[in-house]
Structures are given as C-alpha cells and as structure tokens.
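Peer 1: Have a look at this one.
The values are calculated or read from the model by the stated rules, or taken from the named source; none is laboratory data. Computed from a predicted model, the values in this text were never measured in an experiment. Quick reminder, even Gly has a Cβ in these numbers, built from the backbone with ideal geometry, and neighbours come from all protein chains shown.
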Amino acid sequence: MIFRLPAPLIIITLWILSSQSTLPEMKGIFGFDKFLHFVAFAALSVASGLWFSGKSWLRLPLRNFSICLAVVSAYGALDEFHQYFVSGRASSVWDWVADTLGGAAGAAVVLLAARFGSRKAWI
C-alpha cells in the first residue's frame, strides 16, 4: 500500500541527517532546532499512523495513538543515542522530548482526521 511508504522514507532521511557531522543552522531563533525535531517527528507520527486504517482509528483510537507515540518516541531515543557516536554531534534529552511531543501531536492529527475527516477519503 502506498500509504505505508512515507514512514520508512522519513526514518531513512532522519538517519542520514543524524549521521552528518554538521547540519546548517538557522541563527537568531531561540530553540529552533527543537521546533525542527517536533515537526520532523510529527511527520513521522502521521506517516506511522497511516499504517492503520481509518476504521481501525475509529475502533481503537487509544491503541493506535499509543503505538504511534511509542514507535516515534523509541525512534527518537535511538536517534539521540546514534548521534552520541557521530563526531561533531551531541545527543540531548531535550531533543528526545521534542521528538516525543511531535510524535504525540502527529498521532493526534491522524486521530482527528479519522474521526472528523471524510470517511471515503481514507481507505
């Protein structure tokens, strides 16, 4: 199913970016890197949520939300652990918190889309 393709692609992209010694930084915006973590992991959570059908989100919303959040949070922890070993990078519990909060927001978006969106649009 084509809906399952974005999550692995996002994971691969995040892993490649995490493997870089340096990344371009935007100056002058306090905590902008946490915002980027939040957005990237929210996108991963939305993509992970697409692995469940809309009907599944309606029947088992808490289970699906919890699975998406757990997967994204665990990947965020793995990503921070990985960065610890990359020269020029640092791992941070605050980055992982931003990852996890983004994961929760992304799962909430999928839940709301399933609950209030067009049922015909989501197979």
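Peer 1: Which of the following residues is more than 26 Å from ARG115 (Cα to Cα) and among the aromatic types (Phe, Trp, Tyr): TRP51, TRP96, TRP57?
Peer 2: TRP96
Peer 1: Among the β-branched types (Val, Ile, Thr) and part of a helix (DSSP H, G or I): does that describe VAL86?
Peer 2: The answer is no for VAL86.
Peer 1: Further question on the same structure: In contact (Cβ under 8 Å) with a residue 24 or more places away in the chain and either crowded, with 16+ Cβ neighbours inside 10 Å or under 15 Å from GLY103 (Cα atoms) (or both): is that true of LEU36 in this structure?
Peer 2: Against the criterion (in contact (Cβ under 8 Å) with a residue 24 or more places away in the chain and either crowded, with 16+ Cβ neighbours inside 10 Å or under 15 Å from GLY103 (Cα atoms) (or both)), LEU36 does not qualify.
Peer 1: Give the residues of the range 25-51 that are basic (Lys, Arg) and either modelled with pLDDT of 95 or more or part of a helix (DSSP H, G or I) (or both), sorted by residue number.
Peer 2: Passing the criteria: only LYS34.
Peer 1: Quick check on my filter: what residues within the range 94-110 are surrounded by fewer than 16 Cβ atoms within 10 Å (Cβ to Cβ) and at pLDDT below 95?
Peer 2: Matches in the range 94-110: TRP94 only.
Peer 1: Would you check which residues across the range 1-24 are exposed (fewer than 13 other Cβ atoms within 10 Å of the Cβ), in a helix (DSSP H, G or I) and of a type in the set (Val, Ile, Thr) and list them?
Peer 2: ILE2, ILE12, ILE16 - these are the residues of the range 1-24 that are exposed (fewer than 13 other Cβ atoms within 10 Å of the Cβ), in a helix (DSSP H, G or I) and of a type in the set (Val, Ile, Thr).
Peer 1: Here are some residues: ALA90, ALA70. Which one is within 21 Å of PHE3 (Cβ to Cβ), within 20 Å of the chain's Cα centre (by Cα) and of a type outside the set (Val, Ile, Thr)?
Peer 2: Being within 21 Å of PHE3 (Cβ to Cβ), within 20 Å of the chain's Cα centre (by Cα) and of a type outside the set (Val, Ile, Thr) holds for just one of ALA90, ALA70, which is ALA70.
Peer 1: Name, by its number, the condition in (1) at pLDDT below 95; (2) under 18 Å from PRO6 (Cβ atoms); (3) assigned to a helix (DSSP H, G or I) that does not hold for TRP122.
Peer 2: The single condition TRP122 does not satisfy is (3).
Peer 1: Any residue at all in the range 71-88 that is crowded, with 20+ Cβ neighbours inside 10 Å and among the acidic types (Asp, Glu)?
Peer 2: Scanning the range 71-88, I find at least one residue that is crowded, with 20+ Cβ neighbours inside 10 Å and among the acidic types (Asp, Glu), so the answer is yes.
Peer 1: Listed residues SER45, SER53; which is surrounded by fewer than 16 Cβ atoms within 10 Å (Cβ to Cβ), closer than 20 Å to PRO8 by Cβ and either hydrophobic (A, V, I, L, M, F, W, C) or in contact (Cβ under 8 Å) with a residue 40 or more places away in the chain (or both)?
Peer 2: The unique qualifying residue is SER53.
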